[in-house]
Amino acid sequence: MSLKKKISMTVNGTLVNAEVEPRRHLVDFLREDLHLKGPHLGCEQGACGACTVKVDGQIIRGCLYLAVQADGCVVETVEGLTKSGVLADLQESFMRHNAMQCGFCSSGMLLAAAELVEKQPKASREEVREWISGNYCRCTGYHSIVDAIVDVLNARAKGQKIKPVTAHA
Amino acid sequence: MKAAAFDYVKPKALSDALSLLKQGGDDARLIAGGQTLLATLNMRLSEPSVLIDITDVQELKGISVIGDQLRIGALVTHTEIEDSELVAKHAPLLRAAAPHIAHRAIRNLGTWGGSLAYGDPAAEWPACSLALRATMVIHGPAGERKVTANDFFVDLYTTALEPDEILVATEIPLAPSNQVFYFHELARRHGDYAVAGLAAVAQKDGTTLSHCAFTFFSVSSTPVMATAAQNLVNGKPLNSELIAEAVDVARDEIDAIADITNSAEAKKHLIGVLLERGLKHLLA
Ligand SMILES: Cc1cc2nc3c(=O)[nH]c(=O)nc-3n(C[C@H](O)[C@H](O)[C@H](O)COP(=O)(O)OP(=O)(O)OC[C@H]3O[C@@H](n4cnc5c(N)ncnc54)[C@H](O)[C@@H]3O)c2cc1C
Ligand code: FES
Ligand code: FES
């Protein structure tokens, strides 16, 4: 029964072919087989959101999705989305607000925040809180995380961009 | 924790899914959104030997209006319902309820049919389907049969579905133009299952309500309709005395049961709180 299945998917822009056991969930596949350590695993029950990744353009819980289900899909992790610049203003805003402590929740928070900014550009502070309540931050940095997201929403509404950080010599 | 090993198949046609299900017997499990199933597999609460992934089956997809019914395919996700113009127009109660289901990443995968088939008494869709007098379209080895929501939810996590059957879609009568609705749940945290919730619809003419459907969830072993309270309110001008009377009647008629943290008495109290708020909202 440990019969492996052949799968192929696009991960962060690269076509990947692999053989996996059906029971292997997507985040184990990404972390163990592809060495993408951005998506984290907390509860493996869908409760904490640390495993958030994008499949075919939507955020999902990577622990409640099998690698075999992703056959033929486009998968994006924080690594790929960082490279493409999609998360740049959120990342900059998180840094300015110190919206992270240990950083364990940050990749999931950023992906969830990015979907909010895209789908509900007029979200109120209360709606930001509700949305982000699906992602646990064990360091309880919620307040600054909400501040960081609200700043991005405001900046985008004014057509401004929070510029990505540049290294200072 | 990690799931025990299982095999995985992904049929493309409903007929193939049905024969795989029959062939697999007790060891086979359908997987739709997987947002309940994979959590239970990860916890090893269940160890099926094969998962039948039905997400490629076209017959189970899409939202459409057919005659005077809104048809919602079993595979329609919570997010699709949340974002659908057709739903907002023809079954606005569902639009209001959707954001209360878990969080977006879960709503992006979890399905209408999976939620109904699972039959969690604390879930939003079973209660809404009951309030909207929905009909379940079910396929099995003997072909198609239809079951009303009223007959579908049998007991705790138990529906009228047989193990070799698949829920294909649900048909909901289109909301008449004078339909009013109320959806509210009392939860500890947004996205958590409710301690108690109310999904209500009625037709409104001035201050008079008719065709009332007050469905409570998370208070009993299935979603429940407060039929005596509905009958009391139907066709009479709504005022504060009638609301108070309806609240008493609803508390009386519903056989509330306790959960881990809340007593049956507390649930009964909340039933009244919700109905009072709901009726005031509908009157306003
Ligand atoms: C952290 C978390 C919080 C949640 N919070 C809520 C909440 O607040 N409210 C709520 O309602 N839900 C909640 N859920 C559950 C979620 O909504 C699920 O998506 C839903 O209950 C099941 O749908 P699914 O498509 O994921 O089904 P699956 O997990 O794929 O299947 C569930 C069951 O239904 C069967 N099944 C699926 N489709 C069919 C079909 N078409 N015909 C026959 N049988 C079928 C499966 O075999 C399985 O037994 C939560 C889940 C998680 C992980
Ligand atoms: S690890 Fe997936 S939600 Fe916690
Ligand atoms: S920063 Fe540590 S878990 Fe959120």
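The values are calculated or read from the model by the stated rules, or taken from the named source; none is laboratory data. For clarity, every value in this text was computed on a predicted model and none was experimentally measured. For neighbour counting, all protein chains shown are included, and Cβ atoms are generated from backbone atoms with ideal geometry for every residue, glycine included. For accessibility, only protein heavy atoms count, side chains too; no ligands or nucleic acids. Shrake-Rupley method; radii C 1.70, N 1.55, O 1.52, S 1.80 Å.
The residue that is nearest to ligand 3 (Cβ to nearest atom), among those in the range A:36-61 that are of a type outside the set (A, V, I, L, M, F, W, C) and over 21 Å from A:Cys102 (Cβ atoms), is A:Gly46. Evaluation of A:Ser133 against the conditions (1) away from ligand 1 (no atom under 16 Å from the Cβ); (2) within 14 Å of chain B (Cβ to nearest Cβ) shows that the sole unmet condition is (1).
Pull up the range B:141-174, narrow it to residues that are under 18 Å from B:Met225 (Cβ atoms) and of a type in the set (A, V, I, L, M, F, W, C), then point me to the one that is farthest from ligand 3 (Cβ to nearest atom).
First, the residues of the range B:141-174 that are under 18 Å from B:Met225 (Cβ atoms): B:147-156, B:158-160, B:170, B:172-173.
Pick out the ones that are also of a type in the set (A, V, I, L, M, F, W, C) and you get B:147, B:149, B:152-154, B:156, B:160, B:172.
Details: B:Val147: 46, B:Ala149: 41, B:Phe152: 41, B:Phe153: 39, B:Val154: 42, B:Leu156: 35, B:Ala160: 44, B:Ile172: 41 Å.
Result: B:Val147.
Look at A:Asn98 and say whether it is more than 29 Å from A:His35 (Cα to Cα), away from ligand 1 (no atom under 16 Å from the Cβ) and surrounded by fewer than 19 Cβ atoms within 10 Å (Cβ to Cβ).
Working: more than 29 Å from A:His35 (Cα to Cα): no; away from ligand 1 (no atom under 16 Å from the Cβ): yes; surrounded by fewer than 19 Cβ atoms within 10 Å (Cβ to Cβ): yes.
The answer is no for A:Asn98.
When A:Phe94 is tested against (1) under 17 Å from the mean Cα position of the chain (by Cα); (2) within 13 Å of another protein chain (Cβ to nearest Cβ), only condition (2) is not met. Contact map, the range A:101-127: first residue more than 20 Å from A:Gly80 (Cβ to Cβ) and in contact (Cβ under 8 Å) with a residue 40 or more places away in the chain, second residue within 16 Å of ligand 3 (Cβ to nearest atom) and not in a helix (DSSP H, G or I), Cβ cut-off under 7 Å, separation 6 or more or different chains; pairs are A:Gln101/A:Cys139; A:Gln101/A:Gly141. Restrict the check to the range A:101-119 and report whether at least one residue is open to solvent by less than 80 Å² (accessible area, probe 1.4 Å), at pLDDT below 95 and over 14 Å from the mean Cα position of the chain (by Cα). Within the range A:101-119, not a single residue is open to solvent by less than 80 Å² (accessible area, probe 1.4 Å), at pLDDT below 95 and over 14 Å from the mean Cα position of the chain (by Cα).
Of the helices (runs of 4 or more DSSP H) lying entirely inside the range B:1-88, not one carries at least 2 residues that are away from every other protein chain (no Cβ under 14 Å), at pLDDT below 95 and surrounded by 14 or more Cβ atoms within 10 Å (Cβ to Cβ).
Just to be sure, is A:Gly80 within 27 Å of B:Asp56 (Cα to Cα), within 13 Å of the chain's Cα centre (by Cα) and away from ligand 2 (no atom under 16 Å from the Cβ)? Give the steps one after another, and end with the answer.
Working: within 27 Å of B:Asp56 (Cα to Cα): no; within 13 Å of the chain's Cα centre (by Cα): yes; away from ligand 2 (no atom under 16 Å from the Cβ): yes.
When the stated conditions are applied, A:Gly80 does not pass them.
Okay, residues lined up against (1) hydrophobic (A, V, I, L, M, F, W, C); (2) more than 16 Å from ligand 2 (Cβ to nearest atom); (3) over 30 Å from B:Lys204 (Cβ atoms):
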{"residue": "B:Pro141", "(1), (2), (3)": "no, yes, yes"}
{"residue": "B:Glu144", "(1), (2), (3)": "no, yes, yes"}
{"residue": "B:Ala160", "(1), (2), (3)": "yes, yes, yes"}
{"residue": "B:Thr170", "(1), (2), (3)": "no, yes, no"}
{"residue": "B:Phe181", "(1), (2), (3)": "yes, yes, no"}
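Restricting attention to the range A:97-127, the residues being within 16 Å of ligand 3 (Cβ to nearest atom) and within 14 Å of chain B (Cβ to nearest Cβ) number 8. Consider the range A:13-38 and keep the residues that are touching a residue at least 40 places away in the same chain (Cβ under 8 Å) and open to solvent by 50 Å² or more (accessible area, probe 1.4 Å). The one that is farthest from ligand 2 (Cβ to nearest atom) is A:Gly13. Among the residues making up the range A:130-166, those that are within 26 Å of B:Thr79 (Cα to Cα), at pLDDT below 95 and charged (D, E, K, R) are A:Glu130, A:Arg156. Among residues of the range B:97-119 that are within 12 Å of chain A (Cβ to nearest Cβ), those with a Cβ under 6 angstrom from a residue that is in a helix (DSSP H, G or I) and surrounded by fewer than 24 Cβ atoms within 10 Å (Cβ to Cβ), sequence gap 6+ or separate chain, pair up as B:Arg107/B:Thr79; B:Asn108/B:Thr79.
Considering only the range B:259-273, I want to know if a residue exists there that is under 19 Å from B:Cys128 (Cβ atoms), in a helix (DSSP H, G or I) and open to solvent by 10 Å² or more (accessible area, probe 1.4 Å). The answer is yes, given that some residue of the range B:259-273 is under 19 Å from B:Cys128 (Cβ atoms), in a helix (DSSP H, G or I) and open to solvent by 10 Å² or more (accessible area, probe 1.4 Å).
Restricting the range A:136-146 to residues that are part of a helix (DSSP H, G or I) and either within 14 Å of chain B (Cβ to nearest Cβ) or open to solvent by 40 Å² or more (accessible area, probe 1.4 Å) (or both) leaves a set whose member that is nearest to ligand 2 (Cβ to nearest atom) is A:Tyr142. Among the residues of the range B:223-258, those that are part of a helix (DSSP H, G or I) and either open to solvent by 50 Å² or more (accessible area, probe 1.4 Å) or within 18 Å of B:Ala194 (Cβ to Cβ) (or both) comprise B:Thr227, B:Asn231, B:Ser240, B:Glu241, B:Ala244, B:Glu245, B:Asp248, B:Ala250, B:Arg251, B:Asp252, B:Glu253.
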